[in-house]
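The values are calculated or read from the model by the stated rules, or taken from the named source; none is laboratory data. Please read these numbers as outputs of a predicted model, since none were measured by experiment. A quick note on method: Cβ atoms are made from the backbone with ideal geometry, for glycine too, and the neighbour counts reach across all protein chains shown. Ligands, DNA and RNA are stripped out before the accessible areas are found, and what is left, the full protein with its side chains, is counted by its heavy atoms. Shrake-Rupley method; radii C 1.70, N 1.55, O 1.52, S 1.80 Å.
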Amino acid sequence: MTSVLDQIKQFTTIVADTGDFETIAEYRPQDATTNPSLILAASQKSEYSKLIDEALEFATKKGGDLQEQAEWAFDKLLINFGREILKIVPGRVSTEVDARLSFDKEGTIARAKRLIKLYKDEGIDKERVLIKIASTFEGIHAAYELETQHNIHCNLTLLFSFTQAVACAEAGVTLISPFVGRILDWYKNHTNEEYSVPENDPGVISVTNIYNYYKQYGYKTIVMGASFRNTGEIEELAGCDFLTISPNLLAELHKDKNKKIERKLSPEKVKKMEKVSYFNNEKAFRWSLNEDAMATEKLAEGIRNFAKDGIRLEEMLKSRLQ
């Protein structure tokens, strides 16, 4: 029997959710995703010190005050990790815009263009890069402009609600990352249920609904389940367009050769859903998101946490620059 991981690969594109090169090479995913938290964790390892040194040297040559140099070093470090990852994966890497720009449409657009320019300077075509942006109203509209006016492909992250997913599809973004495990975390904390049966997992149900809606109405946006807590969630979403998986769960799926995996999601199995619209209706978007306590809380928490780790990474670079 082939491994569970290899069986899922028959239905779904597997993406590694890590900044660790060895893990990416071991499991041979199509793409890889990073975020400030993953880059911060990887930057603590000695084997990546050269990438940090290179970013600091680049920032020093750019000049400016300490804050400006730290911001250049921050962005260059993200690109350095992305560059090395793209030597391993055949597809694309996701690189995240600073979470502190999550409510700044113009700031997000400017930072995304800067990241793409830094990749271009490394000889990397923008077709191999996804710019990760938080799924706020401002973030979704920034992504729309990046996709339509600059041909920059976007990965809308920190997505917890059907409302966010609909607006992203209407914006024509390349890919969305609904956070399965974080949805589960919220429901476990608020209902005292364990949700031990994967098909009843609120995160699994959320991604299934989004997938079905996209396929029913012919949206091209890729659905990439993310932030998993266990392999059961992943197996229940076999057939989803993409799944981005952490190293520990990739290892579990790779070792498990004792079960047969069935495809759970497919365009042929979609259930009919009523069409709704949020992209061009800010009031409806904000009200619908506000009515979803889980999505509102997890979006805000996610932005705060990514921003906090981004600040920690920036402060580390500042101390080295000084």
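Is one or more of the residues making up the stretch 259-267 among the hydroxyl-bearing types (Ser, Thr, Tyr) and within 18 Å of SER161 (Cα to Cα)? Steps first, answer last, please.
In the first step, residues of the stretch 259-267 are kept if they are among the hydroxyl-bearing types (Ser, Thr, Tyr); the result is 266.
Restricting the remaining residues to those that are within 18 Å of SER161 (Cα to Cα) gives none.
For the stretch 259-267, residues among the hydroxyl-bearing types (Ser, Thr, Tyr) and within 18 Å of SER161 (Cα to Cα): absent.
Applying the condition of being out of contact with any strand residue (DSSP E or B) (no Cβ under 7 Å at 6 or more places or on another chain), assigned to a loop (DSSP other than H, G, I, E, B) and not charged (D, E, K, R) to the stretch 80-102 and asking which residue is surrounded by the fewest Cβ atoms within 10 Å (Cβ to Cβ) yields PRO90.
Inside the stretch 247-301, can you point out the residues that are open to solvent by less than 50 Å² (accessible area, probe 1.4 Å), of a type in the set (Asp, Glu) and within 30 Å of GLN7 (Cβ to Cβ)? The answer is ASP256, and nothing else. Of the set (1) at pLDDT 95 or above; (2) over 28 Å from ASP104 (Cβ atoms), all apply to ASN192 but (1). Evaluating SER196 against the criteria (1) assigned to a helix (DSSP H, G or I); (2) open to solvent by 10 Å² or more (accessible area, probe 1.4 Å); (3) more than 18 Å from PRO267 (Cα to Cα); (4) of a type in the set (S, T, N, Q) leaves one unmet condition, (1).
Residues checked against (1) under 17 Å from the mean Cα position of the chain (by Cα); (2) among the hydroxyl-bearing types (Ser, Thr, Tyr); (3) under 20 Å from GLY19 (Cα atoms):
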{"position": "ARG92", "(1), (2), (3)": "yes, no, yes"}
{"position": "PHE103", "(1), (2), (3)": "no, no, no"}
{"position": "TYR119", "(1), (2), (3)": "no, yes, yes"}
{"position": "HIS150", "(1), (2), (3)": "no, no, no"}
{"position": "PHE160", "(1), (2), (3)": "yes, no, no"}
{"position": "VAL173", "(1), (2), (3)": "yes, no, no"}
{"position": "TYR187", "(1), (2), (3)": "no, yes, no"}
{"position": "ILE205", "(1), (2), (3)": "no, no, no"}
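Among the residues of the stretch 5-26, those identified as surrounded by fewer than 18 Cβ atoms within 10 Å (Cβ to Cβ) and within 15 Å of LEU86 (Cα to Cα) are GLU22, ALA25, GLU26.
Against the conditions (1) touching an Asp or Glu at 6+ places or on another chain (Cβ under 9 Å); (2) open to solvent by 10 Å² or more (accessible area, probe 1.4 Å), ASP75 satisfies every one except (2).
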